[in-house]
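Data block below; observations after.
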């Protein structure tokens with residue numbers, strides 16, 4: 001893979017993640033776009049790539065690219081809607097990256113938005129699975145993830161609290177994050193293990209919340225990035241990989257093969273190794289996925305990802321910090337927007353603008369989104385280019 | 001706009017458009033992908049960009065990229081789902097083009113699929129509009145297009161049969177098209193004008209049909225195209241342009257400004273003028289849109305697009321042939337697949353493989369898709385490179 005033009009992020013815009021946003025879907029998205037353009041110091045873009053998973057059912061909208069461009073006052077630009085189920089935000093970032101890299105587009109904005117506070121969320125979310133097969137078996141996203149977690153605990157003969165520290169870390173990190181949904185207080189291992197059982201063995205604190213949010217980033221060619229912003233964040237690697245679609249068709253459901261390959265591809269393109277990665281904004285929609293993603297990336301051997309949480313390696317001061325601003329679990333997981341929050345948060349970390357959440361000296365960050373039951377995995381590696 | 005790598009189509013795959021396909025959504029898409037890869041003479045691709053508008057509601061599927069890749073037996077590839085409402089097929093072609101042009105992807109397949117024979121189609125289709133505004137007013141895609149048509153007839157003081165020849169041409173051309181949904185017989189002006197009034201002044205024959213279909217094209221860098229296929233079709237121009245989202249927010253609803261700009265951009269990139277274009281596969285979902293698209297492209301002055309139909313200029317032997325294999329109206333308009341049918345049909349024309357539908361000596365073809373009420377317009381120009 002020879003990428004023909006290097007691409008950098010020069011503007012970020014994020015809305016607070018909240019249980020219920022006080023504006024509607026299009027306004028949320030337009031606000032994030034405007035904030036990202038302001039941050040980049042530009043008044044216009046050539047193209048907008050929007051991501052969203054649930055607006056078909058929740059807002060009755062199927063034409064989000066043009067809708068958001070119009071609401072943002074961006075006239076006559078290119079606008080498309082990009083999806084990969086629960087990895088949709090990363091899919092929009094990927095296409096914005098391809099568009100700028102190709103030379104066809106000089107200034108692109110990738111914007112993600114999700115307003116989950118209205119409508120039949122669980123039912124719509126389940127369409128990330130194979131509706132015609134999984135749903136006929138009564139499966140939902142939570143039940144499939146519960147199956148994976150149970151299998152993990154059984155296979156490695158682990159206590160039921162083995163994964164509890166993922167939630168503890170995420171909530172700790174969210175406390176100093178203004179835009180996080182859960183800022184109120186830390187949670188203890190005991191809080192996690194006494195929280196409501198949602199679908200055994202998954203408890204409430206093992207799940208990311210239903211919430212509203214929007215986030216955007218502006219991309220330009222790296223060659224012109226310094227003109228735009230004094231701290232451009234280069235996209236060093238970008239990879240989308242799919243796996244067998246249904247969990248039950250995989251040889252080993254505990255191995256996230258798409259995550260494994262996606263990280264390898266992104267690292268090869270970025271010319272970095274695992275030790276170069278200063279933080280990893282992973283897809284902790286469920287604690288078990290955070291654990292398996294760490295294993296798939298190679299940060300721990302199979303069956304030992306949970307130890308990274310238990311032993312503090314995932315803490316901001318640890319070997320491989322994750323969810324540095326709260327992650328999906330405590331910053332929140334407004335589906336289509338999530339990866340744009342990840343990109344913006346890594347940009348803040350690499351610009352040394354992360355305030356109380358700062359990882360000292362961070363120069364390379366990895367972000368990853370998981371679509372469905374890891375049927376699609378999208379990984380980006382970001383680095384400073386100054 | 002400096003495109004960094006030229007891209008060509010080296011394989012096409014189309015399923016017959018039918019009222020009800022005898023396989024399900026995923027199988028239809030996988031069959032089209034396989035046919036396109038067979039046509040290109042390749043066994044693997046690096047990426048798949050899927051388009052579909054209605055599967056969220058009609059099949060309960062929101063994760064089509066990975067679903068189709070899995071069904072097609074394409075393991076570990078990139079797969080994303082690209083949309084722009086009724087222009088979704090062209091949006092997937094656009095992203096596949098950007099991916100190959102960028103250097104990130106060497107072999108891409110763009111595949112469109114729609115299975116409209118199950119579920120609440122009209123309701124889902126209306127989400128191409130601004131659901132929160134238009135639908136509150138009781139508007140549907142048909143009613144909005146009827147408003148435009150009525151305004152056109154009134155403004156230019158035309159008889160109610162002014163647009164009838166668009167349907168006549170489309171049905172004539174479909175008679176020799178194996179993959180068209182309407183192959184049975186030609187229709188007369190009288191047939192059109194006595195057909196059922198669907199939403200005045202739109203009659204049944206002014207509308208494209210509800211149908212099932214899937215189509216795909218394989219894209220590679222032009223530099224390696226001749227190795228793949230002896231008649232590669234180069235993508236000379238590609239443009240996506242949005243307009244004010246709602247019809248009622250536009251100064252002149254009879255002017256499709258996004259179509260105007262999109263054609264100009266695509267022609268500038270392709271370095272061609274209108275006289276170079278040998279055929280125009282336009283978005284004749286409704287007769288009035290065919291008419292306005294011809295005007296917006298510059299083939300007729302405002303208010304005179306209908307004359308191109310009346311006087312035979314749109315016929316296969318005419319000055320600007322449209323719907324050469326039946327168009328949306330008579331080949332059929334399986335929404336997410338439509339633009340891939342257009343691309344495949346233009347490839348057949350330029351390869352001189354169009355049989356009874358052949359435009360003699362065709363070297364340049366233009367294709368266009370219209371999202372919603374022309375809120376998004378996507379234009380591609382294809383040419384022979386041998």
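Rule-based calculations on the coordinates, nothing more; no lab input. These figures come from a predicted structure and were not determined experimentally. So basically every Cβ, Gly included, is an ideal-geometry build from the backbone, and we count neighbours across all protein chains shown.
Structure notes:
- Rounded to the nearest 10 degrees, the inclination of helix A:88-102 to the longest alpha-carbon principal axis of chain A is 40 degrees.
- Annotation: the antiparallel percentage among DSSP beta bridges lying fully within the protein assembly as shown is about 70.
- Across the identical copies, how the residue B:185 labels are spaced - nm, sorted shortest first, 7 Å along Cα→Cβ: 7.8
- In terms of its C-alpha gyration tensor, segment A:300-386 has an oblate overall shape, because the principal axis ratio a/c (a ≥ b ≥ c, square roots of the eigenvalues) is not below 1.5 and a/b does not outweigh b/c.
- Segment B:233-379, relative contact order in percent, only Cα pairs under 8 angstrom and at least six apart counted: 34 percent
- Paramagnetic label zone (point 7 Å from Cα along Cα-to-C-beta, residue A:226; backbone N under 19 Å) in segment A:343-386: A:351-352, A:383-386
- Using only the C-alpha atoms, the convex hull of segment A:258-324 corresponds to 79 Å³ per residue.
- Mean separation of Cα contacts under 8 Å (6+ apart) over length of chain B, as relative contact order %: 25 percent
- Taking the centroid of alpha carbons for each part, segment B:222-269 and segment B:20-84 are 24 Å apart.
- Within segment B:359-381, backbone nitrogen closer than 17 Å to the virtual label 7 Å beyond the Cα of residue B:268 toward Cβ: B:377-381
- Potential extension, residue B:123-residue B:175 segment - 0.36 nm per residue separation minus Cα distance: 15.6 nm
- Per residue, the convex hull spanned by the Cα atoms of chain B measures out at 122 cubic angstrom.
- Label distances, nm, residue A:196 versus same residue in remaining copies, Cβ-directed 7 Å point: 4.8
- Beta bridges per DSSP with both ends in chain A, % antiparallel, nearest 5: 70 percent
- In the elastic network of chain B, a GNM with C-alpha springs shorter than 10 Å, the most mobile of B:312, B:112, B:372 is B:312.
- For segment A:100-258, the Kirkwood estimate of the hydrodynamic radius, built from every pair of different alpha carbons, is 19.4 Å.
- Pairs of Cα atoms nearer than 8 Å and 6+ residues apart set the relative contact order; for segment B:277-352 it is 31 percent.
- Estimated 222 nm signal from helices in chain B, with DSSP H stretches of n ≥ 4 weighted -39500 (n - 2.57), rounded to 500: -10000 deg cm²/dmol
- Cα extents of segment A:40-188 along the three principal axes, largest first (Å): 57, 42, 33
- Most mobile listed residue (A:215, A:101, A:131) in chain A, GNM with C-alpha springs under 10 Å: A:131
- Among B:373, B:113, B:241, residue whose mean-square fluctuation peaks in a GNM of chain B (springs only between Cα atoms under 10 Å): B:241
- Taken along the Cα-to-beta-carbon direction at a fixed 7 Å, the label points for residue A:6 and residue B:304 span 5.4 nm.
- Degrees between helix B:257-270 axis and first principal axis of chain B (Cα, 0 to 90, nearest 10): 40 degrees
- Cα gyration tensor category, rounded, prolate or oblate, for segment A:181-303 with a/c compared to 1.5: oblate
- Degrees separating the helix A:141-155 axis from the principal Cα axis of chain A, which is the longest one: 50 degrees
- Ranked from shortest, the separations from the 7 Å Cα-to-Cβ label point of residue A:157 to its equivalents in the other copies are 9.3 nm.
- Cα-based shape type of segment A:7-93, given that a ≥ b ≥ c are square roots of the gyration tensor eigenvalues and the cut on a/c is 1.5: rounded
- According to the Cα-based calculation, Rg over Rh for the protein assembly as shown is 0.98, with Rh computed by the Kirkwood formula.
- Arranged from fewest to most other beta-carbon atoms within 10 Å of their beta carbon, B:182, B:245, A:166 become B:182, B:245, A:166.
- Once the C-beta distance of residue A:251 and residue A:194 is scaled by a Förster radius of 41 Å, the resulting FRET efficiency is 0.70 to the nearest 0.05.
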